[in-house]
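Step one of this worksheet: look at the structure below.
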Amino acid sequence: MSVRHFLSLMDCTPEELHSLIRRGIELKDLRQRGILHEPLRQRVLGMVFEKASTRTRLSFEAGMIQLGGQAIFLSPRDTQLGRGEPISDSAIVMSRMLDAVMIRTFAHQNVLDFAAHSRVPVINGLTDDLHPCQVLADMQTFIEHRGSIRGKTVAWVGDGNNMCNTYAQAAVQFDFQLRIACPAGFEPRREFLELAGDRVTLLRDPREAVAGADLVSTDVWASMGQEEEAEARIQRFRPYQVDRALLDLAAPDVLFMHCLPAHRGEEVSHDLLDDPRSVVWDQAENRLHAQKALLEFLVAPGYRA
């Protein structure tokens, strides 16, 4: 049987994604009840970070420990990757010593190249193109609060970045309608729009996108690697700030999400994260539970408590 990777939401079937979410909810319950569950004893996850992280590092490292395994943090300055060793060579060596590898990097091709030469599962912890682990946690959060997202309307407001690209994939896999409000020139990648087809609508007016929506999500206006563009982006995106007045146009039971970290006063108003419609703290916590389900699925397939 060939090794399974998780480089995008499209690497799983819709049924597998729903199963992962159900399992994430089960694992969350086990932790809350203090029940020990260690299917990954003696297993080791290598975590390669070329981009800074809080939630990704904490959730994967804590998740492996809670599942009975261990995690090793690797940055470019600590490995030969930072001195020019080919990704293919690093993948061959690392996958002979580890049970899985999580990579958080810039170019999406990096994770594709690593996975192509790895004999163990590779997980995309974020690239410039996609952030599948985050959106898996987002879907778990919505399902916990509102039930199935199938047939619902999701509004994305702001930059057509890696999160937006991944929401386009999620629209296909979870069967919901996605409205994207962004300025001209900041659209998500064409390939992701084409993949989503008639499930996605591209708009310029955030009010039109949010009207009646069941879920509203956004992200920072300047992602890692775009710091030099930050001031220009702030000016361009000002009309796309999500505040309580904009959220009032959504469905009465709307949920608001942000993958964090948030720049209060920019893409979100200062008070929005504390609005009762915001579930950002549950969303952040669910990175832990969704990824524990993913690790169990990839590293210990078939295992259940």
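The values are calculated or read from the model by the stated rules, or taken from the named source; none is laboratory data. As the structure is a prediction and not an experimental result, all values here were calculated from the model. Every residue, glycine as well, gets a Cβ built from its backbone with ideal geometry; the counts of neighbours run over all protein chains shown.
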- Is at least one residue of region 239-252 touching a Leu at 6+ places or on another chain (Cβ under 7 Å) and small (Gly, Ala, Ser)? no
- Name the pairs: first residue in region 266-285 and more than 21 Å from GLN235 (Cα to Cα), second residue of a type in the set (Lys, Arg) and crowded, with 17+ Cβ neighbours inside 10 Å, Cβ to Cβ under 8 Å, at least 6 apart or on different chains? ALA284/ARG55
- Note on the structure: With criteria (1) more than 19 Å from ASN161 (Cβ to Cβ); (2) in contact (Cβ under 8 Å) with a residue 12 or more places away in the chain, TRP221 comes up short on (1)
- Message: For region 116-168, give me each residue that is among the charged types (D, E, K, R) and either free of Cβ contacts under 8 Å to residues at least 60 places away in the same chain or within 22 Å of ARG190 (Cα to Cα) (or both).
- Response: ASP128, ASP129, ARG150, ASP159
- Query: Would a scan of region 225-236 turn up a residue that is within 22 Å of ALA171 (Cα to Cα) and in a helix (DSSP H, G or I)?
  - Reply: no
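Which one of GLU38, GLU61 is of a type outside the set (Gly, Ala, Ser) and part of a loop (DSSP other than H, G, I, E, B)? Don't jump to the end; show me each part of the working.
Working: GLU61 fails: part of a loop (DSSP other than H, G, I, E, B).
Step by step, each of GLU38, GLU61 is checked, and only GLU38 is of a type outside the set (Gly, Ala, Ser) and part of a loop (DSSP other than H, G, I, E, B).
Identify, from the list SER217, SER223, the residue that is closer than 30 Å to ARG146 by Cα and modelled with pLDDT under 95. Let's see the steps before the verdict.
Numbers: SER217 fails: modelled with pLDDT under 95.
After applying the criteria, what remains is SER223.
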- Query: With respect to the numbered conditions (1) surrounded by fewer than 21 Cβ atoms within 10 Å (Cβ to Cβ); (2) farther than 14 Å from ILE123 by Cβ, which one is the sole condition not fulfilled by SER53?
  - Reply: (2)
- Counting only residues that are within 21 Å of GLU16 (Cα to Cα), touching a Phe, Trp or Tyr at 6+ places or on another chain (Cβ under 6 Å) and β-branched (Val, Ile, Thr), how many does region 148-172 have? 1
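Evaluate the following for LEU203: is it crowded, with 19+ Cβ neighbours inside 10 Å and either farther than 26 Å from VAL279 by Cα or in contact (Cβ under 8 Å) with a residue 12 or more places away in the chain (or both)? Spell out the reasoning first.
Working: crowded, with 19+ Cβ neighbours inside 10 Å: no; either farther than 26 Å from VAL279 by Cα or in contact (Cβ under 8 Å) with a residue 12 or more places away in the chain (or both): yes.
When the stated conditions are applied, LEU203 does not pass them.
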- Can you confirm whether region 243-256 contains a residue that is crowded, with 17+ Cβ neighbours inside 10 Å, in the same structural domain as GLU144 (by TED's automatic domain parsing) and in contact with a Ser or Thr (Cβ under 7 Å, 6 or more places away or on another chain)? yes
- Answer yes or no: is there a residue in region 199-207 that is in a helix (DSSP H, G or I), farther than 26 Å from ASP248 by Cβ and of a type in the set (D, E, K, R). no
- PRO239 fails exactly one of (1) at pLDDT 95 or above; (2) within 30 Å of ARG31 (Cα to Cα); (3) in contact with a Pro (Cβ under 9 Å, 6 or more places away or on another chain), namely (2)
- Item | Top-ranked residue of region 283-305 - restricted to ones that are in contact with an Asp or Glu (Cβ under 7 Å, 6 or more places away or on another chain) and assigned to a helix (DSSP H, G or I), ranked as farthest from SER53 (Cα to Cα) | VAL299
